[in-house]
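Beneath this line is the structure, given in structure tokens, with notes to follow.
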Amino acid sequence: MKAARLTPAAWTVIVAGSIVLMLAFGLRASFGLFVQPITEANGWGRDVLGLALAIQNLAWGVIAVLAGGLADRFGNVAVIVGGALLYALGLWLTADVGSVWSLHMGAGLIVGAGIAGTGFGIVLPLMAKAVSEQDRQWVLGIGTAAGSMGQFLIAPLAQQFIDLFGWTGALNAMALMALAIIALAMPLAKLARPAAASTLTLAGEDSLGRTIALARGHASYWLLTVGFFVCGFHLAFITVHFPGYLTDHGFDPDVAAWSIGLIGLCNVFGAMFSGYISGRVSMKKVLIFIYASRAVVTVGLLLMPLSLTSVLAFSCLTGFLWLATVPPTTGLVATMFGTRYMATLYGVVFLGHQLGSFTGVWLGGWLYERTGTYDGVWWTGVVLSLVAVALHWPIRESRVLGMRPAASG
């Protein structure tokens, strides 16, 4: 069994990293529940909060590139602690929001920076380095599933906070939860050393500059990056606007909260299976299957009569495909370039994801305010799924020509 091969130190990284991801992604997945109460309290349209959350996703992607470089230089734990502080600050500022500017700063820029410092781009490379190459995909699936379990647990909890304390009190409670990430990062301090001090630093190993230069000219790397745009478009649009889509059709807010939670629960199994299968079959074929399946599931939602049964079916199927893209995507980055500078290289790929997130969230709010419906964005997502299938088809799953073996991590 895989568990028998892992050392106590590796398990420390896996468990602590998984809980960090549970909190980071559970809190982030709950923002869609605040769209209606915040907009109603301030007399805004959904496009106002939609733009703030689009800024959040864009800031997350841009700062993730910087955060990855800082993690490779100074260590992952320092970045996680800084990210947790920013996360809590952004949530606290959002709890007292009264102007569009403060909304864009708190829920947008600052929370986005906090997620960048506590998310997949920082934690998954740390988990990947803690195990052998043989166990890498399995552990990446564990970490991805942990983020989804946080979505399942925290989104319904956030709705209960809203019911009990109002949206302001709920955001303050969530800020305290973000601060807990700091304590969870402490057990990683001795293990999450910066690359400069790591035993991976070997004579003749590729430098960061050389690795980036090779990545810049590698077509498969850029196809992977552009394809991840589509994943971001889907996930961010659904996270932010699906609760409003359901309440518009007469569903109770609790149903909307549990639909987001159910997506997270089902993705625990989807991410685990994706991590498992990605270590055994072609990773690009796994991604092709995921994007094609998303198109089918979305078309089913739009063409079937909307009922509690169809909502639950959509949530389960979407959940199984939700973050299932992450293990094969991170695995392809590691296959191409190794794990030495994985945080930086995955950060660039993830920027593509967050550009898609920005587009999905912003377009959803903008079109809704002008047409009164989300249908145009749903169908755009279907078309983009087919584009992603075409983009992943020519990707080459092999080490980049010119990379030295020592860079494999």
#### Entry: Structure-based [θ]222 nm, the chain - -39500 (n - 2.57) summed over DSSP H runs of at least 4, per residue, nearest 500
-26000 deg cm²/dmol
### Query
What order do you get for 379-388, 238-247 when each peptide is scored by the mean count of other beta carbon atoms within 10 Å, highest first?
238-247, 379-388
### Query
About the Cα centre of the chain, what is the dipole size in debye to 20, counting +1 per Lys and Arg Cβ and -1 per Asp and Glu Cβ, all else neutral?
1540
### the stretch 323-333 - phi-based ³J(HN,Hα) in whole Hz, Karplus 6.51/-1.76/1.60, Gly and Pro as x
9, 5, 6, 5, x, x, 5, 5, x, 5, 4
### Task
At 1.4 Å probe size, with no ligands or nucleic acids counted, give the accessible surface of Met272 in Å², nearest ten.
70
### Query
For the stretch 83-92, what does the Karplus curve 6.51 cos²θ - 1.76 cosθ + 1.60, with θ = phi - 60°, yield as ³J(HN,Hα) per residue in whole Hz, taken in order and with x for Gly and Pro?
x, 5, 5, 5, 4, 4, 4, x, 5, 5
### Message
Sort 330-337, 284-291 by the packing proxy (mean of other Cβ within 10 Å over each peptide's residues), most packed first.
### Response
330-337, 284-291
### Highest average packing first - 32-39, 172-179, 263-270, Cβ atoms within 10 Å
263-270, 32-39, 172-179
## Note on the structure
Share of accessible surface on carbon and sulfur in the chain, whole %, 1.4 Å probe and ligands ignored, is 71
### Message
Using Cα-Cα distances under 8 Å and only pairs 6 or more residues apart, what relative contact order does the chain have, in percent?
### Response
28
### Message
I need the per residue convex hull volume for the stretch 26-102, using only the alpha carbons, in cubic angstrom as a whole number.
### Response
89
### Where the stretch 119-158 is the region considered: accessible area per residue in Å², 1.4 Å probe
23
### Task
Take the Cα atoms of the chain, build their convex hull, and give its volume per residue in Å³.
121
## Note on the structure
The farthest towards the positive end of the charge dipole of the chain, of the residues Gly227, Val297, Cys266, given +1 on Cβ of Lys and Arg and -1 on Cβ of Asp and Glu, is Gly227
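The values are calculated or read from the model by the stated rules, or taken from the named source; none is laboratory data. If you're wondering where the values come from, they're calculated on a predicted model, not measured in any experiment. Backbone-built Cβ (ideal geometry, glycine too); neighbour counts: all protein chains shown. Just the protein is used for accessible areas: all its heavy atoms, side chains included, with ligands, DNA and RNA removed. Shrake-Rupley method; radii C 1.70, N 1.55, O 1.52, S 1.80 Å.
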